[in-house]
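Take a look at the structure set out below.
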Amino acid sequence: MPPASDVVAIVKAHQITHIRLYDADPHMLKALAGSGIEVTVGVTNEEVLGIGESASAAAAWINKNVAAYMPSTNITAIAVGSEVLTSVPHAAPVLVTAMNNLHKALVAADLNFQVKVSTPQSMDIIPKPFPPSTATFNSSWNSTIYQLLQFLKNTNSYYMLNAYPYYGYTNGNGIFPIDYALFKPLPSVKQIVDPNTLFHYNSMFDAMVDATYYSMDALNFSVIPIVVTETGWPWQGGSNEPDATVENAETFINKLIQRVSNNSGPPSQPTIPINTYIYELFNEDKRPGPISEKNWGLLFTNGTAVFPLSLGGPSQITGNSTAVFCVAKDDASEDKLRDGINWACGQGQANCSAIQSGQPCYLPNNIKNHASYAYNDYYQKMHTVGGTCDFDGTATTTTIDPSKFAQVFSSLCSY
């Protein structure tokens, strides 16, 4: 992971205005100060029991992880645990008590109007999400979910939902077409319609959100807004995960952004926008399980996007018609160029393997050629997040693709 200050710079460069942390990492919370970015902090599953059993533990948690950083860090929500009912069911009996204890601590610190308390739940607590109109929560959790909804209503908070059409599709035994999971239009003969309400569902995402609204309604709670705290699509998988591809991930994420940006709700609640967090910013290469589990990240750790992204909303899909390259100046001194190469290939994290001896871009073996390669590799990765083409005055930008000059670069070597 890049240092916290770099993560914040990357988040800003991509015009991301809200971020969810899975813990209350002090480096991240410090680095987010003054950024204006809205932050959801997380109580980890391991912490839920202690906070549920002790009001003083809850107060200490709020003082250490919330009050200490506000108002300069714009903390607006606390996610208590992650899918507690399905992932740590033994903590379920104290989940709502933990939320109450945290809320009371916020009241005592006069922060309860700025900071909402909720808890992200998986779609797995709704055994039959289709058709949405007959969806209900798993009855074995009824008393906990009833207490949870009562708490959300009383504190004017919202229901946090983790909704994954990727799993709805891959675990769905072929009931639904992949286009439905990817927000793609369906032919008229294959429309997905709820037989009871006759509502048309253009995407599995909308159906999942609506199934949750109907499940709340079945317990007589109307219109507690839903925020989707996780959704996404993996862009790489094992040989048994054919749907985890860059193409599908790009389609899902960009169509999701378009869908959410129109500020409408699902068919049963058209006026409530579906605020949504995309899972996730970076890959988790050490996560156990199938290959897809490691590959949900939108960005590489140098700040570049895995695939073209339109995070700023539909109007900000960027495309450069004129490519710009960063090359070494003709009159630069060899010593300075050496320093520039060392920085670009080291701290600058350029990939310089191609200019090593025996590799495609090693020839012609001169400092200027190697510097141009290293400078440009760095610049292409970093210019969108503030990287410059200067290198102590030894570099300049050009719109002429240097790899087109056959006398300088072998045909295998491209910028």
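The values are calculated or read from the model by the stated rules, or taken from the named source; none is laboratory data. What you see is a predicted model; the values in this text were computed from it and never measured. Positions of Cβ are backbone-derived with ideal geometry, glycine not excepted, and every protein chain shown enters the neighbour counts. Just so you know, the surface numbers come from the protein's heavy atoms only, side chains and all, with ligands and any DNA or RNA stripped out. Shrake-Rupley method; radii C 1.70, N 1.55, O 1.52, S 1.80 Å.
What to note about this one:
- Highest average packing first - 172-179, 368-375, Cβ atoms within 10 Å: 368-375, 172-179
- For the peptides 280-292, 386-398, 113-125, the ranking by mean Cβ contacts within 10 Å, running from highest to lowest, is 113-125, 386-398, 280-292.
- Label-point separation in nm, K255 to R338, each point 7 Å along Cα→Cβ: 5.5
- For the stretch 16-33, putting each phi into the Karplus relation 6.51 cos²θ - 1.76 cosθ + 1.60 with θ = phi - 60° gives couplings of 7, 10, 9, 9, 10, 9, 7, 8, 10, 4, x, 5, 5, 5, 5, 5, 7, 4 Hz, in residue order, rounded to whole numbers and with x for Gly and Pro.
- Just so you know, the Rg over Rh for the stretch 325-404 is 0.92, from Cα atoms, with Rh as the Kirkwood radius.
- Counting protein heavy atoms only, the stretch 4-299 has 52 percent of its accessible area on carbon and sulfur, 1.4 angstrom probe.
- Accessible area per residue in Å² at 1.4 Å probe, computed on the stretch 69-117: 39
- Checking the Cα-Cα distances for K255/K381; K30/K64; K128/K153; K104/K153 against a 23 Å cut-off, the pairs over it are K255/K381; K128/K153.
- Full-stretch length increase - K286, Q114 - with 0.36 nm per residue and alpha-carbon distance subtracted: 58.4 nm
- Across the stretch 325-404, the mean sequence separation of Cα contacts (distance under 8 Å, 6 or more residues apart), normalised by length, yields a relative contact order of 47 percent.
- Note on N196/S87: beta-carbon distance plugged into 1/(1 + (r/R0)^6) with R0 of 35 Å gives a FRET efficiency of 0.65.
- In this structure the amide hydrogen of R20, modeled in the peptide plane, comes within under 5 Å of the amide hydrogens of T40, none closer than 5 places in sequence on its chain.
- Percent accessible area from carbon and sulfur atoms, the stretch 325-404, protein chains only, probe 1.4 Å: 46
- In order along the stretch 77-87, the Karplus-derived 3J(HN,Hα) couplings, from 6.51 cos²θ - 1.76 cosθ + 1.60 at θ = phi - 60°, round to 7, 10, 8, 8, x, 9, 6, 4, 4, 9, 9 Hz, and Gly and Pro are given as x.
- Two-decimal log10 I(q)/I(0) for the stretch 9-163, as the Debye equation yields it once each C-alpha is a single scatterer, q = 0.15, 0.16, 0.21 Å⁻¹: -0.78, -0.88, -1.33
- For I192, distant residues with modelled amide H under 5 Å away: Y201
- Inter-probe distance in nm under a simple model that places probes 7 Å from Cα toward Cβ, at T396 and N45: 5.8
- Solvent-accessible surface of the stretch 325-404, taken per residue with a 1.4 Å probe and all protein chains present: 52 Å².
- Rel. contact order, % - alpha carbon contacts under 8 angstrom, at least six apart, the stretch 4-299: 13
- Per residue, the convex hull around the alpha carbon atoms of the stretch 256-299 comes to 95 Å³.
- Binning the C-alpha pair distances of the chain at 10 Å intervals from 0 yields a P(r) profile of 4, 19, 26, 23, 14, 9, 4, 0 %, listed from the shortest bin outward.
- Helix-only mean residue ellipticity at 222 nm for the chain, each DSSP H run of n ≥ 4 adding -39500 (n - 2.57), per residue, nearest 500: -10000 deg cm²/dmol
- Charge tally in the Cβ shell below 11 Å around E83, where Lys, Arg are +1 and Asp, Glu are -1, E83 excluded: -2
- Radius 10 Å from Cβ of L337, net charge of other residues (Lys, Arg +1; Asp, Glu -1): 0
- Derived scalar couplings ³J(HN,Hα) [the stretch 35-52; Karplus, 6.51 cos²θ - 1.76 cosθ + 1.60; whole Hz; x for Gly, Pro]: 7, x, 5, 6, 10, 9, 9, x, 8, 6, 4, 5, 8, 4, 4, x, 6, x
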